[in-house]
Structures are given as C-alpha cells and as structure tokens.
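Asks: Take a look at this one; I'll ask things after.
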Amino acid sequence: MPYEVTKVEVWTREIDDRAGSLATALEPLAKAGADLMFMIARRYTHVAGKGVVFVGGLTGPATKAAETAGFKKASGMVGLRVEGPNKPGDAFEVAKLLGGAGISLRGVSASVIGPKYVQIMAFDNAAEADKAAKLLSGGGKGK
C-alpha cells in the first residue's frame, strides 16, 4: 500500500539540558506563527548539559525567526514525513522495504494518531530520501 510521503526541510539547534530550555528555543517560532510538521528534542549523550532540537515545516516569517533564534537548516540531513495506516507490523514492513532497497536511515521517530501513524525519517542525503519517497509512495519496486 502506498504511503503519504512529504519531503520536509529539517532545522536544528543546540539547547541546554535544563528545564525551560526547549520552551525558550521554541518561543520565537510560536510568536512567528510557525505550524511545525514535527519537533524532536533529546539530550546529547556525548556532551554533558547539552541537547538538540529538530523541527520541520518552517515557512515564511518562521524561517527568519528560526534563524534569529539560532536554528540552522540541517546540513547533511534530509527529512521525510511518512503517513500510513496504524496496523500491527506496519513500521516493520516499512523498515524492511527500505532496508531491502539498500536505503539506510539516519534516524526515525514515529507516533500513532488515531487510525494512522506518522514516521519522521532522516536520511544522509537527498538521493536516499528521494529513493525512499518513491518507494514508499508507490512509485518504486515492492509497492
């Protein structure tokens, strides 16, 4: 079954690993009217006291607000938003399909929303993301 696939520009910035740091980073985006497609934040394991936040879906005035707030377009990372049916084993099927096509994921996050789930996938380059998008949207072998 084809998935709904959207290419998404990834923005990132470092944050302090302390209460309120994420809110401080996101405030300028909210004030600029950003309608985020996704947001993922986590602590660094290799740098004590620091973390990172990734956001996607910035457009218009929100891009300038992001730059002013210290966000940068992620270099060497291309994102896809993949929406599919919430059914047991489907995330495995997607991972198997991509792996079988020789596509390596840089990172992935997923969440269920009602009868559907959304995966945010990161790839090291546009070629890998484009190959995955074609495959998952039904334009490639196996779908």
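All of the numbers you see were taken from the coordinates with simple rules; none came from a lab. Since we're looking at a predicted model, the values are computed, not measured. All Cβ positions, even for glycine, are placed from backbone atoms using ideal geometry, and neighbour counts span all protein chains on display.
Asks: In Å, what is the Rg of the alpha-carbon atoms in the range 76-136, and how long is Dmax?
Replies: Values for the range 76-136 (Cα only, Rg and Dmax): 11.1, 33 Å.
Asks: What's the center-to-center distance, using Cα atoms, between the range 22-53 and the range 55-129 in Å?
Replies: If you average the Cα positions of each part, the centres end up 16 Å apart.
Asks: Please list the equivalent ellipsoid semi-axes of the chain, computed as the square roots of five times the alpha-carbon gyration tensor eigenvalues, in descending order and whole angstrom. Spell out each step's value before the answer.
Replies: Numbers: eigenvalues 164, 50, 44 Å².
The equivalent ellipsoid of the chain has semi-axes of 29, 16, 15 Å.
Asks: A follow-up question, please. Residue-wise, which Karplus ³J(HN,Hα) couplings in Hz belong to the range 98-110, taking 6.51 cos²θ - 1.76 cosθ + 1.60, θ = phi - 60°, and x for glycine or proline?
Replies: Whole-Hz 3J(HN,Hα) from phi for the range 98-110: 5, x, x, 8, x, 9, 9, 8, 7, x, 8, 9, 9.
Asks: Taking amide H positions as placed 1.01 Å from N in the peptide plane, with prolines and chain starts having none, which residues 5 or more places from LYS116, or on another chain, fall under 5 Å of its amide H?
Replies: The answer is ASN86.
Asks: On to the next question. Taking amide hydrogens as modeled 1.01 Å from N in the peptide plane, which residues meet the under 5 Å criterion relative to ALA74, leaving out close sequence neighbours?
Replies: VAL10, TRP11, THR12
Asks: When only DSSP loop residues count, what chymotrypsin sites (Phe, Trp or Tyr not before Pro) in the range 1-103 have their Cβ near at most 13 other Cβ atoms within 10 Å?
Replies: Working: sites: TYR3, TRP11, PHE38, TYR44, PHE54, PHE71, PHE92; in loops: TYR3, TYR44, PHE71.
Passing sites in the range 1-103 are TYR44.
Asks: Would you list, by chain and number, the aspartates and glutamates whose Cα falls below 16 Å from the Cα of LYS116, excluding same-chain residues fewer than 8 positions away?
Replies: Filter leaves GLU4, GLU83, ASP90, GLU93.
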